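Taking it in order: structure first as structure tokens, then the write-up.
The values are calculated or read from the model by the stated rules, or taken from the named source; none is laboratory data. The model shown is predicted, which means the values in this text are computed figures rather than measured ones. When we count neighbours, we look across all protein chains shown, and the Cβ atoms used for this are built from the backbone with ideal geometry, even at glycine.
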Amino acid sequence: MSNFEQSIESYKKTFIDKLGRENFDEDLLRAIAKYLGPSIYSNDSSKVACSNKSERISIKEDFLITKLGLTDSKELDEAISDVCTQMGSSNRNKYRAVFYYLLVEHFGKESLFIQSNSSADKATHKTSNQEDKKQGKDKPSEIIERYALYAAGAGLVPIPLVDLASISAVQYRMLKNLAHFFDHVSFEDQKSKSIIAGLIGGFSSFELGLFTKVLFRGVPIIGPIIAGTAVSGYAYYSTKLIGEIFEDHFNSGGDLSIGDLTYQKMKEKYREGIKSFNLTPNTN
């Protein structure tokens, strides 16, 4: 089950267990989750803190006024308070997708997220055609695994620094193949390279350690042994992590036109993932 589907299951459970409702519109719930993009995967941004005044202001200005097109009034603040009450003061998992669903329902703005029946029929037909075209194509998980293995091989190149460039090239090709799998994503060469470079960013202390190991390759005989395993393992894991981040992003309806907030969340997810990976050799 993908991360997106896991999130949807958590939202459905909230409706049933916390709100005592089984008559919610799952299509609307999914549409709102896709609107929120990768932020639904962050422990902080995926939830609403009703006790935070700035949070309430942000919901009113960015969602109710900007997205739903409502006029600023006391009613907006009252609606937010009402939803906070519905979700329970002791409930720490006030999922933003569910919170926004209740606001959309309150103001009758479902049409902003759900297509009309005729449009939905056309979309279903289009989706069916797209699925037919995808027959025979590798699935995203297969694309990611294949390029992660390619990156691991590039990490074994016994020439200082050359492997780093090779790994970047493999990650770029992976993103290109992933983008081609999703029909709504338009691939842009230079933008994709910039996104990957920015996503990885500067060197963390752990990456600096790997960078040093790369330099060890210049040491005869023992150098490649010291560097090879660590860099190859790092190349595999980081490439797979990048692939999974973009798979989730594309699955949630995102493309390569990434806003600052979404971009920062993706970068944080990469950093958190890379910190959990430990290739430091045992020196005991």
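Assorted remarks:
- Considering residues of segment 21-33 that are at pLDDT 90 or above and either under 13 Å from Asp248 (Cβ atoms) or more than 16 Å from the chain's Cα centre (by Cα) (or both) only, the residue surrounded by the fewest Cβ atoms within 10 Å (Cβ to Cβ): Asn23
- Cβ separations smaller than 7 Å between residues 6+ apart or across chains give the following pairs from segment 13-26 residues that are under 17 Å from Thr85 (Cβ atoms) to residues that are surrounded by 13 or more Cβ atoms within 10 Å (Cβ to Cβ) and among the hydrophobic types (A, V, I, L, M, F, W, C): Thr14/Val98; Phe15/Phe24; Phe15/Val98; Lys18/Met87; Arg21/Phe15.
- Within segment 176-201, residues that are over 18 Å from Arg271 (Cβ atoms) and of a type in the set (Lys, Arg) reach partners that are modelled with pLDDT under 75 and assigned to a loop (DSSP other than H, G, I, E, B) with beta carbons closer than 6 Å, at six or more positions or on different chains, in the pairs Lys176/Phe187.
- Among (1) outside any loop (DSSP other than H, G, I, E, B); (2) loosely packed, with under 14 Cβ neighbours inside 10 Å; (3) at pLDDT below 65 - the single one Lys191 does not satisfy: (3)
- Annotation: of all residues in segment 51-99 being part of a loop (DSSP other than H, G, I, E, B) and hydroxyl-bearing (Ser, Thr, Tyr), the one that is farthest from the chain's Cα centre (by Cα) is Ser73.
- Any hit, segment 31-43, residues being among the charged types (D, E, K, R) and not in a loop (DSSP other than H, G, I, E, B): yes
- The residues in segment 257-270 that are modelled with pLDDT of 70 or more and surrounded by fewer than 14 Cβ atoms within 10 Å (Cβ to Cβ) can be counted, and the count is 2.
- Taking segment 56-95 as the range and being charged (D, E, K, R), over 16 Å from Ile32 (Cα atoms) and surrounded by fewer than 15 Cβ atoms within 10 Å (Cβ to Cβ) as the test, the residues that pass are Glu61, Asp72, Lys74, Glu75, Glu78, Asp82, Arg92.
- Residues located in segment 100-118, provided they are among the small types (Gly, Ala, Ser), at pLDDT below 90 and part of a helix (DSSP H, G or I): Ser118
- Residue match in segment 201-213 (condition: surrounded by 13 or more Cβ atoms within 10 Å (Cβ to Cβ), of a type in the set (A, V, I, L, M, F, W, C) and at pLDDT 80 or above): no
- Against the criterion of being touching a His at 6+ places or on another chain (Cβ under 8 Å), under 23 Å from Ile8 (Cβ atoms) and surrounded by 12 or more Cβ atoms within 10 Å (Cβ to Cβ), Val98 does not qualify.
- Among (1) closer than 25 Å to Ser141 by Cβ; (2) at pLDDT below 75; (3) outside any helix (DSSP H, G or I), the one test that Val185 misses: (2)
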